[in-house]
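Report on one structure; see the data block that follows.
No lab work stands behind these numbers, since they all come straight from the coordinates. Just so you know, these numbers come straight off a predicted model, no measurement behind them. Backbone-built Cβ (ideal geometry, glycine too); neighbour counts: all protein chains shown.
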Amino acid sequence: MPTSDATLDLLNAIADVMVDEFGISRAESVARIDEHWHGQDLTSEDEIILHEDGQYWALMIYEGGKGRGTAG
């Protein structure tokens, strides 16, 4: 997927959190990120995803979009 420098930094931060906090491999974290944003153009410097941090997105992606406290 195409990215800007800012979104690439965020994607790397998301992968780092997933590896550190969830104990998954870097390859698995990258695969989950790719699946989550498959086919999207993330080249804008003001992407909406930049309004949240890596911790937020790692949790959302790892848990499949189910936030804490929501019925599943």
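A few notes on this one:
- Within the stretch 30-57, tally of residues that are over 11 Å from T7 (Cα atoms), of a type in the set (S, T, N, Q) and either free of Cβ contacts under 8 Å to residues at least 24 places away in the same chain or out of contact with any helix residue (DSSP H, G or I) (no Cβ under 7 Å at 6 or more places or on another chain) (or both): 1
- Of the residues making up the stretch 2-19, those that are among the polar types (S, T, N, Q), in a helix (DSSP H, G or I) and over 11 Å from I49 (Cα atoms) number 1.
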